[in-house]
Amino acid sequence: MSNTSEQKWVCEYCTYENFPSSIKCTMCRGPKPFISEDIYRLHDNDEKSVPSSNLSSLAAGPCENKSRDNWSCETCTFLNHSKDNVCIQCRMPAPSSDQSNIIQNVDGAQSLSQSRINSPPIITSTENSKSSSQQKWSCPICTYENWPKSLKCAMCFYAPSNSQRSQSSSLCNPSPENEVDTNIINQDERKYSSTNIIDSSLSQNPNNFENDRKMRHLRRQTDWKWLNACKGIIEGDPSPVEAYLSSGGDPTRTLTSSEVAILNRASAYDVGHTLVHLAIRFQREDLLAILLSQIEGSGSGVKRVPSYVAPDLAADIRRHFASTIRQRKGSFPCNFVTELPTFALPAEVDELPAAVQEQLFTELLDKDAQEQLESEPAVINWSLEITVRLGSRLYALWNRSAGDCLLDSVMQATWGVFDRDNTLRRALAETLGQAGHLFYPRWKEYESNQASLLHFSLDETQWEEDWTSLISLASQPGNSLEQLHIFALAHILRRPIVVYGVKYVKSFRGEALGYARFEGVYLPLLWEQSFCVKTPIALGYTRGHFSALVPLEPYSSRLDRPQSNHQDELQSIFLPLMDRDRKLLPIHFLTESELGREENILRQWLDVCETEGGVLVAQQFLHKRPLLVGQMVEEWLNHYRRLAQMTLAPFSRRIPIQDFSSDGDTDDE
C-alpha cells in the first residue's frame, strides 16, 4: 500500500490522490500535472505494443517526425512533401538541402504576418476546406482559394492571368459535394470592397513600404479643411466648420473610403456621410443650423456674421465677457456685468457699392424677421422722422435660433457675438436661484394682475410649480425662455431692455394662434437707479424667435442731429417708446402702486425726449467699441471691401446676389 501511495499524483484542483495510470483526476476530471518523467513509462501496455525503436520518435513529437519527410515553404509556411520541388500553394522553389531540416523560418513568418495586416483574417475549418476546394483557384499572393468565376482574389484583390488561375485550380482536388453558390461569394466580395477603408491598390501589394508610400501620397492630396470640418462636427468645435464653409466648401460633400481611412475612426465616420449627417448623428444642433443655412432652399442661406468671419476674436470676446460678470453681496445676490458696451453696425457700410451693400445685408440680417417687424402693422421703422431724419433705423441681426435665441440676441446687441459658451445663461440661472426670493413676489403680483384680466386665478401650489419650471428653463441650454428671464437679464446687464414684438403669434398660413406678450420695456427695478445705466438695448420678437435690433453708426459730421452731452459717445440713437398708434409700450412687472405712473417711471430709468412729431423716444448712446469688438468688425468688413474692389476693377465681375430666407430652427421659444 505504501508503494502504491508513493506513486500516486495529487490533483492541483481538488487535491485528490490519483493512481499513476490515471490521465485525468477521478473526482474533478482535471488534467494530470506535467512532470519531467517519461509519460510513456507509465503506460505498460503501450510500451509493450510500441517497439523500442519508435519510442524515441514518439517522444520527439509528430512535428519533428513529419519534418524529416516534408519541408516548409519560407513564403507561405505551407508544409510540402519532400518530393515537391516547388510549393504547391505559392509556387516558390524549395529551400536548399542545408535548410531542408528547418521547420519554420522566424524571419519569414514575421514578414508574412506584417504583409497580412491590411487583409481580413481567413477563418476556415478542415471539413469546409475539403468541400469548398472544388474547382477553386489558389491566389499566388495570399494563398486564398477563390471560386472559378472570381476574376480577382476575394481577400487581396489580386487579378492573376488565366494561365495562373488554371494552373492553381488544377492543384485543388475536385469534390462535387457541398458546393457554395457563387452569388454569395460575389456578394461578400462586393461588401468587403465597399467597406474596405484602404484603397484596393494598397492591399494588392504585399510590400508594406509601398503601402505606406501610397498612404502618404493620399494624405498629401487630401483636403484637410474638409476633414477638419468633419472632426469639428464630432468634437462640437464650430471653428473648423466655419473655416471650411467660409472658404467656399460644399456642405453637401460626402466622405470617401480613403478619407474615412485617414480619419481612422470607423465608429464615427461612414462612407457617404455629409456634415449634415454627422451633425444629426451627434446632436450638434447649433452646427446643424449653420449647415442648413448654407444649403440652398433649406432655410436662411449663406450667413456671414462677424463672429463667423473672425471666430478666434469672437472666442476672446466671450472669454472677456465671462470675466466681467460679478455677484452682488448682501440681501440681493444678483449677478451683474462690469462693462456695458452697445453694438452697432459700422458707418462704413454706407460707403460700399449698392450690390456689395445688398449682399452684406443679405448675409447679416434675418430678412424674415425684418420683414415681419416692418410689415403692416409695422412694429419698427414706422416713423420716417425717426428712421430718416434722425437716422435711427433698426436692423434685425440673424442668430442661431436653436432655443437660445434670446441670449444670443442680448449678446449680439451688446458684444456682437453669440452666447455659445452659455455664460449668460449660467449667470441667469444663478441669479434666479439665489435672488429668487426678491424676484418671486414681483413676478407673482404681475402675473396675478394679468390673470385677473382674463378672469382666472391660481392657488399657491400652482404658483410655486410655475416658478420652479421657470428656474428650470433658465438652467437648461436650448430651452426657450419667458418674460421673467428678460426681466432678470435687465438686472444682469444693469440697463433697460426694449422689446419690439408682434402683437399676435401667427401660423405659417397667417392665422392668429395667440396673443404675444413679449413687447414692452423691461427695467431693472430691483436695483438702485444710480447702479444702472440709462442706455437701453433693443430686441425684436417674431413668431417664437428673438433677434437683436441694432442701428447703423451715424457719422459725427451730421450736423442736423442733436448732439450728446457725453464726450465719449459717437452719437445717440433714438428708440421709440410708443407704437404706431402713439400708445406707450407696456412696462412689465410693475407693482400695484406703480401702475398709472408709466411715463414718469420711463423718464426715471431712461433718457427720454420727445420728437417734433410728438413721439416719445429713448436715447441709446453709442460708445467707442471695445478693442476686441473693433478688431472683429474690421476683419468682417474687410471681406466686403475686397468685394467692392472687385467691382471697381477694370475687368470687374458681377457679384452673385441670392435672396435667402432666415427662418429660425425652432418655433418653441
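The values are calculated or read from the model by the stated rules, or taken from the named source; none is laboratory data. Worth saying up front: this structure is predicted, and the values here are computed from it rather than measured. Cβ atoms come from the backbone with ideal geometry, glycine included; neighbour counts cover every protein chain shown.
State yes or no: is Thr461 modelled with pLDDT under 95 and β-branched (Val, Ile, Thr)? Spelling it out, Thr461 is indeed modelled with pLDDT under 95 and β-branched (Val, Ile, Thr). Scanning the stretch 396-421 for residues being of a type outside the set (A, V, I, L, M, F, W, C) and either part of a loop (DSSP other than H, G, I, E, B) or outside the structural domain of Glu482 (by TED's automatic domain parsing) (or both) gives a total of 9.
Checked against the criteria, Leu473 does not count as in contact with a strand residue (DSSP E or B) (Cβ under 7 Å, 6 or more places away or on another chain), assigned by TED's automatic domain parsing to the domain that holds Phe531 and modelled with pLDDT of 90 or more. Between Tyr395, Tyr446, the distinction of being more than 22 Å from Ile290 (Cβ to Cβ) and among the hydroxyl-bearing types (Ser, Thr, Tyr) belongs to Tyr446 only. Quick check on Leu470: is it part of a helix (DSSP H, G or I) and surrounded by fewer than 17 Cβ atoms within 10 Å (Cβ to Cβ)? No; evaluated as a whole, the condition is false for this residue. Among the residues of the stretch 321-346, those that are surrounded by fewer than 16 Cβ atoms within 10 Å (Cβ to Cβ), not charged (D, E, K, R) and not in a loop (DSSP other than H, G, I, E, B) comprise Ala322, Ser323, Gln327. The helices (runs of 4 or more DSSP H) found entirely in the stretch 235-288 that carry 1 or more residues being free of Cβ contacts under 8 Å to residues at least 40 places away in the same chain and farther than 30 Å from Leu407 by Cα are 257-263. Filtering the stretch 419-475 to residues that are among the aromatic types (Phe, Trp, Tyr) and either closer than 26 Å to Ser409 by Cβ or free of Cβ contacts under 8 Å to residues at least 12 places away in the same chain (or both) leaves Phe439, Tyr440, Trp443, Tyr446, Phe456, Trp467. Of the residues screened, Val271 is not one that is modelled with pLDDT of 95 or more, touching a helix residue (DSSP H, G or I) at 6+ places or on another chain (Cβ under 8 Å) and over 30 Å from Phe361 (Cα atoms).
Starting from the stretch 602-623, take each residue that is closer than 13 Å to Thr342 by Cβ and outside the structural domain of Leu345 (by TED's automatic domain parsing) and list its partners that are of a type in the set (Gly, Ala, Ser) and in a strand (DSSP E or B), counting only C-beta distances under 6 angstrom and pairs at least six apart or across chains. Partner pairs satisfying both residue conditions: none exist.
Of all residues in the stretch 378-385, at least one satisfies being over 36 Å from the mean Cα position of the chain (by Cα) and not in a loop (DSSP other than H, G, I, E, B).
Set side by side, the residues Phe361, Phe321, Phe343, Phe418 differ, and just one is farther than 20 Å from Gln620 by Cβ and over 23 Å from the mean Cα position of the chain (by Cα), which is Phe361.
Taking the stretch 523-541, which residues are within 36 Å of the chain's Cα centre (by Cα) and in contact (Cβ under 8 Å) with a residue 60 or more places away in the chain? Of everything in the stretch 523-541, those that are within 36 Å of the chain's Cα centre (by Cα) and in contact (Cβ under 8 Å) with a residue 60 or more places away in the chain turn out to be Pro536, Ile537, Ala538, Leu539, Gly540. Output yes when any residue across the stretch 469-476 is aliphatic (A, V, I, L, M) and within 24 Å of Leu549 (Cα to Cα), and no when none is. Within the stretch 469-476, one or more residues are aliphatic (A, V, I, L, M) and within 24 Å of Leu549 (Cα to Cα). Determine, yes or no, whether Leu424 is at pLDDT 95 or above, part of a helix (DSSP H, G or I) and in the same structural domain as Thr342 (by TED's automatic domain parsing). Yes: the conditions hold for Leu424.
Looking only at the stretch 429-439, decide whether some residue is of a type in the set (Phe, Trp, Tyr), farther than 24 Å from Ala347 by Cβ, touching a Leu at 6+ places or on another chain (Cβ under 9 Å) and not in a loop (DSSP other than H, G, I, E, B). For the stretch 429-439, residues of a type in the set (Phe, Trp, Tyr), farther than 24 Å from Ala347 by Cβ, touching a Leu at 6+ places or on another chain (Cβ under 9 Å) and not in a loop (DSSP other than H, G, I, E, B): present.
I'd like to check something: does the stretch 566-587 contain any residue that is assigned to a helix (DSSP H, G or I), in contact with a Cys (Cβ under 9 Å, 6 or more places away or on another chain), at pLDDT 90 or above and not aliphatic (A, V, I, L, M)? For the stretch 566-587, residues assigned to a helix (DSSP H, G or I), in contact with a Cys (Cβ under 9 Å, 6 or more places away or on another chain), at pLDDT 90 or above and not aliphatic (A, V, I, L, M): absent. The listed residues are Glu465, Glu385, Glu430, Glu445, and the only one of them that is farther than 25 Å from Cys334 by Cα and acidic (Asp, Glu) turns out to be Glu385. Taking Leu406, is it buried (at least 21 other Cβ atoms within 10 Å of the Cβ), touching a residue at least 40 places away in the same chain (Cβ under 8 Å) and either under 23 Å from Glu285 (Cα atoms) or of a type in the set (D, E, K, R) (or both)? In short, yes.
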